[in-house]
Amino acid sequence: MVAGVRLRYGVATDQAARETNEDTASASDGLFLVADGMGGHEAGEVASRVAVDVVARLAGTTPTMDDVTRVVREAHSAVRELPAEGQRRPGTTLTGVVVTEHAGVPCWLVLNVGDSRTYRMAGGMLEQVTQDHSEVAELVEQGLVAVEDAARHPRRHVVTRVLGGAASRVDPDLRMFPVSPGDRMVMCSDGLTEALSDARVQAVLRTERHPRAAADRLVREALAAGAQDNVTVVVVDAVAVTREPGAATGADVAR
């Protein structure tokens, strides 16, 4: 864990309309993860848990981007070794954030594979900081599907990058930026974003001051809105940030 950063966090999850909860969340020692498993029966639950267990090795460390890429590749290999359920290979998305540092500046290092999401709320405004790895996201980027139609598109659940599956190697998307006091990071499975709009998520995050209360309420509202998929939310607040004298500025860290 990076010195000088004080965090407060909360985690909530529910299986919603599904028979089992194939999501796995982890929150400890500056590392916060959400994984959404797939594969049928209990395979998705196992896949998400295996991936999170491997990447959880980063907890309590100050990893570089190369360190995170290496561990995510190891998680991909571990999920690929799981037995298949019939014709379906186990697989899982993975998104999250680890607190690290660059040139003496505490930073959020965001990682993502799949269509689970990480958001940042700063100044009361919510921003998605990950990009969905899905067929619909690619169609929206190409201008073939309107943003407002994406949530109802019949191919919205088809992911194009996942841990496990046929690819021999999978690399995560990575993004690093300085931790600022008042930052609120939110990680969630697509059960939340299928049920609630970003505007509604932002409204809840503005209303609920404690991250545990925010996570709990987001899950409750998703269920009330008719969520059909597992819903998992991790909310992390940067309560205080102290930088070492002579540390680089935020502009020096941006990449």
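Note on the stretch 175-217: residues that are among the hydroxyl-bearing types (Ser, Thr, Tyr), part of a helix (DSSP H, G or I) and crowded, with 19+ Cβ neighbours inside 10 Å total 1.
Here the condition is being in contact with a strand residue (DSSP E or B) (Cβ under 8 Å, 6 or more places away or on another chain) and among the hydrophobic types (A, V, I, L, M, F, W, C); of ALA203, ALA222, it holds for ALA222 alone. Here the condition is being in a strand (DSSP E or B), surrounded by 16 or more Cβ atoms within 10 Å (Cβ to Cβ) and touching a Cys at 6+ places or on another chain (Cβ under 9 Å); of THR100, THR24, THR13, it holds for THR100 alone. The residues of the stretch 198-225 that are touching a helix residue (DSSP H, G or I) at 6+ places or on another chain (Cβ under 9 Å) and without any contact (Cβ under 8 Å) to a residue 12 or more places away in the chain, listed by number, are THR207, GLU208, ALA224. Taken over the stretch 30-79, the residue count meeting the criterion of being farther than 21 Å from PRO106 by Cβ and outside any helix (DSSP H, G or I) is 9.
A single entry from ALA225, ALA238, ALA214 fulfils the requirement of being out of contact with any Ser or Thr (no Cβ under 9 Å at 6 or more places or on another chain) and among the hydrophobic types (A, V, I, L, M, F, W, C): ALA225. On inspection, HIS102 passes the criterion of being farther than 20 Å from THR13 by Cα and either touching a residue at least 60 places away in the same chain (Cβ under 8 Å) or over 13 Å from the mean Cα position of the chain (by Cα) (or both).
Checked against (1) at pLDDT below 85; (2) of a type outside the set (Phe, Trp, Tyr); (3) at positive phi, VAL145 passes all but a single condition, namely (3).
The values are calculated or read from the model by the stated rules, or taken from the named source; none is laboratory data. If you're wondering where the values come from, they're calculated on a predicted model, not measured in any experiment. Ideal geometry is used to build each Cβ from the backbone, glycine not excepted, and the neighbour counts take in all protein chains shown.
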